[in-house]
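Inspection log for the structure reproduced underneath, given as structure tokens.
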Amino acid sequence: MALIPIVYYSHHPALHKVAATVTEFNDELAKLIQDMYETMYEADGCGLAAPQIGIAKRIAVVDVSEDKNKPFCIINPEIIERSGSELMSAGCLSVPGTYTTAPRASHVKVRAQDETGTFFEMEGSGVLAHCLQHEIDHLHGKLNVDYLSPLKKSISLKKMEKFLKRMK
Ligand code: ZN
């Protein structure tokens with residue numbers, strides 16, 4: 001397994017475009033998913049989408065369990081049902097150093113494929129619902145800060161740049 005560098009807001013075109021559908025379910029994909037799990041855990045995130053490592057493909061990994069031991073991947077995911085709405089504040093590994101609020105459904109049902117290409121459906125509320133929506137947004141080139149007004153967005157992005165400078 002290997003860690004893959006995470007890319008930050010506007011530093012990579014993959015973050016801002018619609019990701020491509022995955023059509024080949026092979027060893028290469030399985031390895032990528034293992035690397036994404038490792039990268040997500042190392043960054044202490046509860047989700048990571050392939051565009052966040054510069055790969056514009058419809059792949060995301062998620063683990064919202066407390067002990068970080070229940071990872072799963074969603075490939076070519078689609079939200080097929082949503083209900084309720086709430087404003088949710090969240091961080092993003094691609095916009096570190098800042099939390100921003102986005103409107104989210106409180107419950108979603110998702111249809112996706114696993115690493116073998118098998119279709120499955122899952123549903124969730126609360127943190128799981130928010131995380132699924134956040135990661136699926138990434139696959140449409142949309143980030144949490146994109147929900148903000150231009151002024152709030154520029155403040156968030158400045159916070160991120162400051163944070164990144166401190167990390168160097
Ligand atoms: Zn994110």
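The values are calculated or read from the model by the stated rules, or taken from the named source; none is laboratory data. Bear in mind that the values here come from a model prediction, so they are computed numbers and not experimental data. Please note: Cβ atoms are built from the backbone with ideal geometry, for glycine as well, and neighbour counts cover all protein chains shown. Remember, those area values only see protein heavy atoms, side chains included, never the ligands or the DNA or RNA. Shrake-Rupley method; radii C 1.70, N 1.55, O 1.52, S 1.80 Å.
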So which residues in the stretch 44-68 are open to solvent by 10 Å² or more (accessible area, probe 1.4 Å) and of a type in the set (D, E, K, R), if there are any at all? ASP44, LYS57, ARG58, GLU66, ASP67, LYS68
Would you point out the residue of the stretch 24-43, among those that are out of contact with any strand residue (DSSP E or B) (no Cβ under 9 Å at 6 or more places or on another chain), open to solvent by 20 Å² or more (accessible area, probe 1.4 Å) and away from the ligand (no atom under 16 Å from the Cβ), that is nearest to PRO96 (Cα to Cα)? GLU38
Return yes or no: is GLY126 away from the ligand (no atom under 16 Å from the Cβ), small (Gly, Ala, Ser) and farther than 29 Å from ASN26 by Cα? yes
Please state which of the following conditions TYR9 fails to meet, knowing it meets all the rest: (1) away from the ligand (no atom under 14 Å from the Cβ); (2) of a type in the set (Ser, Thr, Tyr); (3) within 14 Å of the chain's Cα centre (by Cα). (1)
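Every residue, every condition in (1) in contact with a Gly (Cβ under 8 Å, 6 or more places away or on another chain); (2) open to solvent by less than 40 Å² (accessible area, probe 1.4 Å), yes or no:
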site	(1), (2)
GLU81	no, no
PHE120	no, no
GLY126	no, yes
MET160	yes, yes
LYS168	no, no
Result of the Cβ filter at 9 Å on the stretch 1-28, keeping first residues that are more than 18 Å from GLU135 (Cα to Cα) and partners that are open to solvent by 100 Å² or more (accessible area, probe 1.4 Å), at least 6 apart or interchain, is MET1/LYS31; ALA2/LYS31; LEU3/GLU42
